[in-house]
1. Greater than 30 Å separation of Cα atoms is the criterion. Which listed pairs, Lys95/Lys163; Lys14/Lys163; Lys81/Lys166; Lys178/Lys203; Lys167/Lys206; Lys61/Lys206, meet it?
2. Could you please report the charge total around Asp105, scoring K, R as +1 and D, E as -1 over all other residues with beta-carbon less than 13 angstrom from its beta-carbon?
3. Sort 151-161, 63-73, 198-208 by packing, meaning the average of other beta carbons within 10 Å per residue, with the highest value first.
4. Using packing as a proxy for protection, rank 221-228, 172-179 so that the peptide with the highest average count of other Cβ atoms within 10 Å comes first.
5. What number, in nm² with one decimal, is the all-direction average of the projected area of the convex hull of the alpha-carbon atoms of the range 68-191?
6. By how many degrees, between 0 and 90 and to the nearest 10, does the Cα long axis of helix 57-70 differ from the longest principal axis of the chain?
7. Contact order normalised by length for the chain, with contacts defined as Cα pairs under 8 Å and 6 or more residues apart; what percent is it?
8. What are the ³J(HN,Hα) values, in whole Hz, obtained from phi via the Karplus relation 6.51 cos²θ - 1.76 cosθ + 1.60 with θ = phi - 60°, for each residue of the range 22-35 in sequence order, with x given for Gly and Pro?
Amino acid sequence: MLFNLSYQNIDLNKIHNIFISHKHIDHLLGMIWIYRYVDIAMGKGIYDGTLNIYYHDEVAKIIRDQIHTLLRKEQQRFIDKRILIHIVNDHQKEKILNYELEFLDILSKSDKQYGFKTTLNNGKTICFLGVESLDERLYDDIRNSDYVLHEAFCLEIEADKFKARKKNHDTVKSASIKAQNIEAKNLILWHTHENLKNQRQTKYLKEAKKYFKGNVYVPNDFDIINLI
């Protein structure tokens, strides 16, 4: 986590708001290093202001257990003082920077998971839908969104091989069909299997365009997408 931020010349001292969707280890464990770094940086006087972290109640409990179990007392000085844990609920709205975010329970079939939607300064709407198959009960909440971030675990032909649906994941095909059903303008496919390596983008785009009429993005790590 810290290496990736440094690699992209992102100054962690200038990050003041973080959202965590759920408790799976590949989405959560990196946070312990963030807490540790920020607490130490605050002690040195090089981190100004507060760090706000937003997540649902189950993740909050795990985070507190990690902090109190893994960090030394001197690395916990600013927890609940300047490192603030915010527990959010379904459809709760919070003003973060210049945006009003509405948090959404994505109705996960396994572990509790949240996403969010917001409107950018240019009037475009963006929805982050966690890393599970989109539940139809959320369609009305996100219909006509300009940008939808949706996981696509693999190609349709690979669904059985990687047990995509057993793991509550979508294929490129099913994610694209859902994006078309909610009339999204742009679809960003992420949380993908890495087996195709350099062919992943080409094959995902080809399959997605069969079922989705809008723009499709299949980013690699560190890619930047201009939301215009």
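Readers should treat all values here as calculations from the given coordinates under stated rules, not as data from a laboratory. Treat the numbers as computed from the prediction; the structure is a model and nothing was measured. Please note: Cβ atoms are built from the backbone with ideal geometry, for glycine as well, and neighbour counts cover all protein chains shown.
1. Numbers: Lys95/Lys163 39 Å; Lys14/Lys163 40 Å; Lys81/Lys166 42 Å; Lys178/Lys203 19 Å; Lys167/Lys206 24 Å; Lys61/Lys206 42 Å.
In this structure, Lys95/Lys163; Lys14/Lys163; Lys81/Lys166; Lys61/Lys206 lie more than 30 Å apart at Cα.
2. Numbers: positive: Lys109, Lys112, Lys117, Arg137; negative: Asp57, Glu58, Asp90, Glu102, Asp111, Glu132, Asp135, Asp141.
Net charge in that neighbourhood comes out at -4.
3. Details: 151-161: 18.9, 63-73: 12.7, 198-208: 15.8.
Highest mean packing first, the order is 151-161, 198-208, 63-73.
4. Values: 221-228: 8.2, 172-179: 24.1.
Result, highest mean first: 172-179, 221-228.
5. Working: hull surface 39.4 nm².
Computed as one quarter of the Cα hull surface, the answer is 9.9 nm².
6. Rounded to the nearest ten degrees, it is 50.
7. 13 percent
8. Taking θ as phi minus 60°, the curve returns 6, 9, 4, 4, 6, 10, 10, 5, x, 5, 4, 6, 5, 4 Hz for the range 22-35.
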